[in-house]
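**Student:** So that we are looking at the same thing, I have put the structure below in structure tokens.
Coordinate-derived values only; no laboratory data. Small disclaimer: the values here were computed from a predicted structure and weren't measured. For neighbour counting, all protein chains shown are included, and Cβ atoms are generated from backbone atoms with ideal geometry for every residue, glycine included.
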Amino acid sequence: MIGCMTESNVQQFSMSNGKYMYFIPPTKWHGKNIYAEIDFNYKTEEGTDTICNISIINKKNLPRGISSMIFVGDNISYKLTGLNILFTESRNKKIRVNTIFDRDDFLQFIRSNEMYFEIIITQKKYKLLPTKEFIRLRADFINDLEGKEEGILE
């Protein structure tokens, strides 16, 4: 794989089959007493899901008892699957997870005008909003992807 960065800091890797992998670096999504650092790995290859890595930091307690994680874009909910806990940091009240975002759902979500991340921890629902940095990265990702794959985002 050969890698490069777009002007926006979205990393792009050329794969051997003429396809590309994009890495949208971690950005913070903020909620009340909680935030998440979220990054995405997207491949232009059909049939591959988008990998979503999430670090959840709760200001009060170590996040335990995660029962649901979804992204919501333009009032459509996108459920994440394949939750794997990578590690926990008790001292920092942080948990790092890896999930799968259906490729077509990701493309629909990334084009949403209004978006947020919702997580339920120990039966309490948190709504986290993206930063302006993510909105900028998202726009740059869409623009670059449209240049590589005509019609994929239509």
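**Student:** Which of the peptides 42-50, 74-82 is most tightly packed, and how do the rest follow, going by the mean number of other Cβ atoms within 10 Å of each residue?
**Tutor:** Numbers: 42-50: 15.6, 74-82: 13.0.
Those peptides, ordered most packed to least, come out 42-50, 74-82.
**Student:** Would you calculate a helix-derived [θ] at 222 nm for the chain, using -39,500 (n - 2.57) for each DSSP H run of n ≥ 4 and dividing by the full residue count, to the nearest 500? Show your work: numbers first, answer last.
**Tutor:** Numbers: 2 runs with 25 residues, N = 154.
My calculation for the chain gives -5000 deg cm²/dmol from helical runs alone.
**Student:** While we're here: Hey, for a label at Thr88 modelled as a point 7 Å past Cα toward Cβ, could you say which residues of the range 113-137 have their backbone N under 19 Å away?
**Tutor:** 119-126
**Student:** What is the dipole size for the range 2-146, taken about its Cα centre, with +1 at each Lys and Arg Cβ and -1 at each Asp and Glu Cβ, in debye to the nearest 20? Kindly include the intermediate steps, with their values, before the conclusion.
**Tutor:** Details: 20 positive and 17 negative charges, 227 e Å.
I would put it at about 1100 debye.
**Student:** Continuing with the same structure: Which links in Lys19/Lys94; Lys19/Lys93; Lys19/Lys125; Lys43/Lys79; Lys43/Lys93 stretch past 28 Å when you go from one Cα to the other?
**Tutor:** Working: Lys19/Lys94 34 Å; Lys19/Lys93 38 Å; Lys19/Lys125 38 Å; Lys43/Lys79 19 Å; Lys43/Lys93 32 Å.
Result: Lys19/Lys94; Lys19/Lys93; Lys19/Lys125; Lys43/Lys93 exceed 28 Å.
**Student:** Using only the Cα atoms, what convex hull volume per residue in Å³ does the range 24-113 have? Can you show the working numbers first?
**Tutor:** Values: hull volume 9.3 nm³, N = 90.
Taking only Cα atoms, the range 24-113 has a hull volume of 103 Å³ per residue.
**Student:** Still on this structure, I have one more. Just the ratio, please: alpha-carbon radius of gyration of the chain over 2.2 N^0.38 Å, N its number of residues. Walk me through the numbers before you get to the answer.
**Tutor:** Numbers: Rg = 15.6 Å, N = 154, 2.2 N^0.38 = 14.9 Å.
Taking the Cα Rg and dividing by 2.2 N^0.38 Å, one obtains 1.04.
**Student:** Between Tyr116 and Asn98, 0.36 nm times their residue separation minus their Cα-Cα distance comes to what? Before the final figure, lay out each step's value.
**Tutor:** On the way: separation 18, 0.36 × 18 = 6.48 nm, distance 1.80 nm.
My answer for the length gained is 4.7 nm.
**Student:** Within the range 72-95, which residues have the backbone N less than 19 Å from the label spot 7 Å out from Leu62 along Cα→beta-carbon, could you tell me?
**Tutor:** Taking a point 7 Å out along Cα→Cβ of Leu62, the residues of the range 72-95 whose backbone N falls under 19 Å are 84-95.
**Student:** Sort 60-69, 29-38 by the packing proxy (mean of other Cβ within 10 Å over each peptide's residues), most packed first. Could you put the intermediate results ahead of the total?
**Tutor:** On the way: 60-69: 13.8, 29-38: 17.8.
In decreasing order of mean packing, 60-69, 29-38 become 29-38, 60-69.
**Student:** Can I ask one more? If only Cα atoms are counted, what is the Rg of the range 67-117, and what is its Dmax, in Å?
**Tutor:** Computed over the Cα atoms of the range 67-117, radius of gyration and Dmax are 12.9, 37 Å.
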